[in-house]
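Following: one structure in structure tokens, then a few remarks.
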Amino acid sequence: MKLPKVGITCYPNQGGSGVVASELGLHLARRGCEIHFISSSLPFRLRGYEDQIFYHQVDSPSYPVFLNSPYTLSLATVMSEVALQYGLDILHVHYAIPHAASAYLARQMLAGRLDLKVVTTLHGTDITLVGQEPSFRPITRFMIQESDAVTAVSGFLREETIRYFDCRPDIQVIPNFVDARNFKPLDPGARRRYGQPDERILIHASNFRKVKNPSAVIEVFARVAAEIPSRLLLVGDGPEAINVRADVQRRGLQDRVEYLGHANNLEGILPHADLLLLPSAHESFGLVALEAMACGVIPLATARGGVGEFVQDGINGFLRDPDDLDGMASAALHVLRDESLRQHLAEEARRDAAGDFGVSCVVKSYLDLYDGLVQSRSA
Ligand code: GMT
């Protein structure tokens with residue numbers, strides 16, 4: 001199989017879709033593909049120089065008549081220029097809005113000169129929240145229909161997309177993945193960086209948007225902390241963080257909560273925890289739960305959405321309704337009080353994360369998808 005040249009566009013800041021796009025690009029490059037990231041800044045998980053990886057910045061010029069700079073158009077221009085200059089085979093966009101629209105424009109601009117194939121990966125809120133805004137719905141449907149291939153990160157998201165947009169059924173499920181060589185448990189005997197030796201460590205990592213239900217994180221932690229010595233690590237930042245801090249203060253939990261802010265080395269933090277709290281209103285996949293599992297950290301996650309496609313309740317983690325605060329607190333206490341149960345679940349979690357959701361399986365699915373598109377072109 002001839003390795004394709006791939007352009008990748010994503011949101012470069014915190015967020016699961018940017019993580020998936022960056023990790024995919026890195027692993028494709030390590031397999032020999034030439035990868036061109038095209039985005040407004042360097043995606044945060046691309047930390048240093050890597051062979052076969054190129055980065056093309058998209059600027060958004062402002063002009064007095066613009067209310068907002070039309071980034072979608074600047075992105076389409078850079079996409080078409082990079083595709084032509086480097087002879088790209090595939091433009092793979094992560095998060096439909098507005099990246100799939102720019103890719104569509106770039107492909108049209110190149111018609112007759114380059115047969116560029118557009119792959120759109122749907123990640124979640126591009127469909128479940130933003131894509132359902134009346135002003136975005138028709139164009140989101142159009143972008144899905146016009147892409148050469150569409151993938152969704154879970155069966156749940158695929159079904160939601162088809163149901164809501166009444167669109168093409170050939171959306172392929174390619175799940176999120178984790179590099180289990182980077183995300184791994186602490187070495188036996190290694191010292192924990194956080195908390196006292198007798199404390200249980202809970203962790204929440206997100207972009208602190210309402211959909212992440214951060215108030216439930218604090219409520220569940222407060223109930224756990226009332227019963228056993230414990231500490232909560234909060235990783236990330238976002239619009240709800242200010243309310244979270246106020247809530248922690250109001251409950252007098254400030255000495256038991258650590259704010260770690262944005263972190264581009266989650267694999268260095270997660271293994272120090274025992275339990276991940278992810279009580280989102282819904283989660284199309286829930287990448288951080290998979291990353292936690294690979295580190296032997298037990299996920300206590302939302303039952304709404306696609307997390308149940310890799311977390312099995314009571315086997316390798318826990319699933320609860322996001323409103324079920326009693327259920328979440330009692331599951332947390334149950335496993336944190338029983339060390340042999342915690343260890344057993346942690347081993348199951350690690351094994352399940354590294355299997356079907358490991359790098360090799362998932363990167364191969366994307367490569368096969370690209371190959372099919374390139375073959376269809378030569379045919
Ligand atoms: O979770 C977020 O708020 C970020 C968002 C994103 O697009 O960056 O994450 C979505 O994509 C991730 C990667 O595919 C999924 O693991 C998350 O479940 C999904 N978020 C939601 O569905 C809320």
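Could you work out the local net charge near VAL244, counting Lys and Arg as +1, Asp and Glu as -1, over the other residues with Cβ closer than 14 Å to its Cβ?
Summing Lys and Arg as +1 and Asp and Glu as -1 gives +2.
Starting from the Cα of LYS5, draw a straight line to each of the lysines and keep only those under 30 Å, dropping any in the same chain fewer than 8 residues away.
LYS117, LYS364
First select every other residue whose beta carbon is under 14 angstrom from the beta carbon of SER340; then total the charges, Lys and Arg +1, Asp and Glu -1.
Net charge in that neighbourhood comes out at -3.
ALA111 to ASP323: FRET efficiency via 1/(1 + (r/R0)^6), r the Cβ-Cβ distance, R0 45 Å, to the nearest 0.05?
Result of the calculation: an efficiency of 0.35.
In a Debye calculation with equal point scatterers on the alpha-carbon sites of the range 1-127 and no solvent, what is log10 I(q)/I(0) at q = 0.14, 0.22 Å⁻¹?
At q = 0.14, 0.22 Å⁻¹ the computed log10 ratios are -0.57, -1.35.
Based on the Kirkwood radius over alpha-carbon pairs, what value in µm²/s does the Stokes-Einstein equation return for the translational diffusion coefficient of the range 200-356 at 20 °C and 1.002 mPa s? Before the final figure, lay out the partial values.
On the way: Rh = 15.1 Å.
D = 142 µm²/s.
Starting from the 7 Å offset along Cα-to-Cβ, what nm value, one decimal, do you get for the label separation of TYR49 and LYS2?
The modelled label-to-label distance comes out at 3.0 nm.
Report the residues of the range 202-234 in range of a label on TYR259: point 7 Å along Cα→C-beta, backbone N strictly under 14 Å from it.
In the range 202-234, the label zone of TYR259 (backbone N under 14 Å from the point 7 Å along Cα→Cβ) covers 208, 233-234.
Any idea what the dipole of the range 200-356 comes to, in debye rounded to 20, about its Cα centre with Lys/Arg Cβ at +1 and Asp/Glu Cβ at -1?
Using only the charged Cβ atoms, the result is roughly 480 debye.
In which sequence would LEU67, LEU266 go, from the one with the fewest C-beta neighbours within 10 Å to the one with the most?
The order, fewest Cβ neighbours first, is LEU67, LEU266.
Output the peptides 240-248, 108-116 sorted from most to least packed, where packing is the average of other Cβ atoms within 10 Å over each peptide's residues.
240-248, 108-116
I'd like the Kirkwood hydrodynamic radius of the chain, using the inverse of the mean 1/r over distinct C-alpha pairs, in Å.
For the chain, the Kirkwood estimate is 21.6 Å.
Order of 131-141, 267-277, 93-103, 183-193 by packing, highest average Cβ count within 10 Å first?
On the way: 131-141: 14.6, 267-277: 22.0, 93-103: 26.3, 183-193: 11.8.
For the peptides 131-141, 267-277, 93-103, 183-193, the packing ranking is 93-103, 267-277, 131-141, 183-193.
Using a basic spin-label model with each label point 7 Å from the Cα along Cα→Cβ, how many nm lie between SER365 and LYS210?
The answer from the label model is 3.1 nm.
Can you tell which of ALA241, VAL220, TYR63 lies farthest toward the positive end of the dipole of the chain, using +1 and -1 charges on the Cβ of basic and acidic side chains (Lys, Arg; Asp, Glu)?
So the residue we want is TYR63.
Per 0.36 nm of contour for each residue apart, how much would the distance between SER41 and SER74 grow if the chain were fully extended, relative to their Cα-Cα spacing?
10.5 nm
Once you list every other residue whose beta carbon is under 12 Å from the beta carbon of SER284, what net charge do they have if Lys and Arg are +1 and Asp and Glu are -1?
Neighbourhood net charge equals -3.
So, by mean Cβ neighbours within 10 angstrom, what's the order for 175-182, 337-344 with the highest one leading? Intermediate results must be reported in sequence, preceding the final value.
Values: 175-182: 20.6, 337-344: 12.9.
Output ranking for 175-182, 337-344: 175-182, 337-344.
For SER330 and GLU199, what is the calculated FRET efficiency with R₀ set at 22 Å and r taken between the beta-carbons, to the nearest 0.05?
Efficiency at R0 = 22 Å is approximately 0.65.
Pairs of Cα atoms under 8 Å, at least six residues apart: use those to get the relative contact order of the range 200-356, whole percent.
Taking the mean separation of contacting Cα pairs over the length of the range 200-356, I get 23 percent.
When only Cα pairs under 8 Å and 6 or more residues apart are kept, what is the percent relative contact order across the chain? Kindly include the intermediate steps, with their values, before the conclusion.
Values: 718 pairs, mean separation 52.8, N = 379.
Taking the mean separation of contacting Cα pairs over the length of the chain, I get 14 percent.
A short reminder: the numbers here are calculations on the coordinates, not readings from a lab. Everything numeric in this text was worked out from a predicted model, so none of it was measured. In this analysis, Cβ positions are derived from the backbone assuming ideal geometry, glycine residues included, and neighbour counts consider all displayed protein chains.
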